[in-house]
Amino acid sequence: MKKIGLIKRLLVLVLSVTLALGMMTGCKGKQVYTQKEVSTTEVVKIGEYTIYLDEMIVYAIQDFYLQGGDSETFDEVTDAYRKLTILSTLRENKIIYDVSQKNDLVLTDADMEFVNQSIANFKAKIGQEFLDKYGISDELLERLFYEQACVTKFENDMKNDLGRTIQDDLTKQYEDTKFITFYYMTFPTVQVADGQPVTGEDGKYVYISDAEKEKVKGDAEEAVKRIAAGEDYKAIAQEYGIADYCQETNGYTGAYSDEMNAVVEGLKDGDVSEPIDSDLGYNVIVMINSDDKNLKESYIYSVASEGVESEFEKLRQMWLGTIEIDAEGDKIGTTWDDFDLKGLLMDMEEAGLVE
């Protein structure tokens with residue numbers, strides 16, 4: 001019995017050494033791992049979490065599948081960069097997953113259906129044979145896709161909460177503000193070249209003669225009367241040759257100069273202003289919508305979206321700070337540094353998994 005036990009121990013020792021050597025020195029593009037090997041090889045610590053090689057490999061597969069790669073141009077710099085980004089992605093996901101669990105996040109039945117479908121899609125795309133070759137178990141995929149779904153749900157929930165809060169605040173802020181859409185016409189009194197006002201050596205505008213300016217003023221006044229009588233303002237702009245200096249624009253009351261605010265606030269839908277003398281010419285405003293509620297909603301949504309991204313990033317950085325990270329010191333040995341990432345890419349290329 002003792003002799004048999006010794007033989008068994010020797011066989012186990014030889015097998016362990018062989019597996020370890022295979023993991024470190026396997027031929028590029030021809031790697032083969034056992035499930036036990038990759039699920040027990042520690043790679044990095046993230047707080048209280050120990051990350052094993054199989055989890056790192058799944059993240060690497062996802063990275064190559066989504067980001068692509070080319071083994072022919074895969075040099076040492078690329079290898080180091082991709083390993084860094086893969087590890088960084090895993091770290092961030094693990095930390096935010098940890099935060100989500102401390103905030104009692106739970107996936108619904110519908111969420112779990114999505115998780116299961118995502119796993120099925122992943123296995124169908126990557127292929128069972130490829131996953132077996134790298135020792136990737138169903139149990140690992142179930143855990144990782146569950147964690148990634150928790151991260152996604154937690155982040156989306158937080159963004160939605162932020163969005164509602166910011167949007168409510170903006171709605172109150174602009175409650176009495178009217179958003180307007182109008183046609184802004186300019187009858188230029190400055191010289192124009194290639195559609196741009198001409199400036200002199202002193203940087204000031206070069207104006208047309210006083211006689212020409214009087215004619216332009218008369219044209220503007222005549223245009224106002226014709227528009228007020230119901231003629232099409234865009235056709236009139238074409239007729240007077242000023243269409244290039246006119247545009248449909250929008251904004252909200254209170255956002256302009258005192259003079260401009262006074263003009264737009266006094267116009268109803270379809271009204272046209274008297275000519276307004278400005279540095280560039282005589283301006284005429286045709287009010288299209290004096291209380292554009294759709295424009296207000298779009299503006300509030302747009303501003304809220306920008307605010308959400310800014311505030312969410314602050315939250316995200318706060319979450320990531322909940323677990324202290326030592327980029328190099330947290331690594332366990334040199335397993336990840338030595339991992340044949342190019343070999344994985346070559347295997348994926350051979351399997352048609354990378355474009």
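The values are calculated or read from the model by the stated rules, or taken from the named source; none is laboratory data. Small disclaimer: the values here were computed from a predicted structure and weren't measured. Neighbour counts are summed over all protein chains in view; Cβ atoms, including those assigned to glycine, are modelled from backbone coordinates with ideal geometry. Ligands, DNA and RNA are stripped out before the accessible areas are found, and what is left, the full protein with its side chains, is counted by its heavy atoms. Shrake-Rupley method; radii C 1.70, N 1.55, O 1.52, S 1.80 Å.
Name the residue, out of V43, V58, that is farther than 16 Å from Q148 by Cα and of a type in the set (A, V, I, L, M). If you could, list the steps in order and put the result at the bottom.
Details: V58 fails: farther than 16 Å from Q148 by Cα.
Step by step, each of V43, V58 is checked, and only V43 is farther than 16 Å from Q148 by Cα and of a type in the set (A, V, I, L, M).
If we only count helices (runs of 4 or more DSSP H) wholly inside region 62-169, which ones have 3 or more residues that are within 21 Å of V44 (Cα to Cα)? Write out each step before concluding.
Working: elements: 76-102, 109-126, 128-133.
Counting at least 3 such residues, we get 76-102.
If you check G270 against the conditions, is it exposed (fewer than 12 other Cβ atoms within 10 Å of the Cβ) and of a type outside the set (A, V, I, L, M)?
Working: exposed (fewer than 12 other Cβ atoms within 10 Å of the Cβ): no; of a type outside the set (A, V, I, L, M): yes.
When the stated conditions are applied, G270 does not pass them.
Out of region 106-126, which residues are touching a residue at least 24 places away in the same chain (Cβ under 8 Å) and either under 27 Å from D330 (Cα atoms) or of a type in the set (V, I, T) (or both)?
Residues satisfying the conditions are V115, I119, I126.
Out of region 254-283, which residues are assigned to a loop (DSSP other than H, G, I, E, B) and either closer than 19 Å to Y240 by Cβ or modelled with pLDDT of 95 or more (or both)?
Across region 254-283, the qualifying residues are L267, K268, D269, G270, D271, S273, E274, P275, S278, L280.
Within the bounds of region 242-262, is there any residue that is in contact with a helix residue (DSSP H, G or I) (Cβ under 6 Å, 6 or more places away or on another chain), free of Cβ contacts under 8 Å to residues at least 12 places away in the same chain and under 16 Å from D232 (Cα atoms)?
Scanning region 242-262, I find at least one residue that is in contact with a helix residue (DSSP H, G or I) (Cβ under 6 Å, 6 or more places away or on another chain), free of Cβ contacts under 8 Å to residues at least 12 places away in the same chain and under 16 Å from D232 (Cα atoms), so the answer is yes.
Looking at A237, A220, which is the one that is farther than 14 Å from S273 by Cα and surrounded by 15 or more Cβ atoms within 10 Å (Cβ to Cβ)?
The match here is A237.
Which of the numbered conditions does M287 fail, given that it passes all the others? Conditions: (1) touching a Ser or Thr at 6+ places or on another chain (Cβ under 9 Å); (2) modelled with pLDDT under 95.
With respect to (1) touching a Ser or Thr at 6+ places or on another chain (Cβ under 9 Å); (2) modelled with pLDDT under 95, M287 is out only on (2).
Taking region 71-101 only, how many residues are in contact (Cβ under 8 Å) with a residue 12 or more places away in the chain and either surrounded by fewer than 16 Cβ atoms within 10 Å (Cβ to Cβ) or of a type in the set (S, T, N, Q) (or both)?
6
Can you tell me which condition N289 does not meet? The list is (1) open to solvent by 40 Å² or more (accessible area, probe 1.4 Å); (2) in contact with a Gly (Cβ under 9 Å, 6 or more places away or on another chain); (3) under 30 Å from T165 (Cα atoms), and all the others hold.
Unmet for N289, out of (1) open to solvent by 40 Å² or more (accessible area, probe 1.4 Å); (2) in contact with a Gly (Cβ under 9 Å, 6 or more places away or on another chain); (3) under 30 Å from T165 (Cα atoms): (2).
Are there any pairs, at least 6 apart or on different chains, whose C-beta atoms fall under 6 Å, with the first in region 276-295 and without any contact (Cβ under 8 Å) to a residue 60 or more places away in the chain and the second open to solvent by less than 20 Å² (accessible area, probe 1.4 Å) and assigned to a strand (DSSP E or B), and if so, which?
I276/N283
Working only within region 193-207, note down all residues that are surrounded by fewer than 17 Cβ atoms within 10 Å (Cβ to Cβ) and touching a residue at least 40 places away in the same chain (Cβ under 8 Å).
Selection gives G195, Y205.
Let me confirm something: among K314, K331, which residue is within 33 Å of the chain's Cα centre (by Cα), modelled with pLDDT of 95 or more and surrounded by fewer than 12 Cβ atoms within 10 Å (Cβ to Cβ)?
On the way: K331 fails: surrounded by fewer than 12 Cβ atoms within 10 Å (Cβ to Cβ).
The match here is K314.
Between K83, K94, which is in contact with a strand residue (DSSP E or B) (Cβ under 9 Å, 6 or more places away or on another chain) and on the phi < 0 side of the Ramachandran plot?
K94
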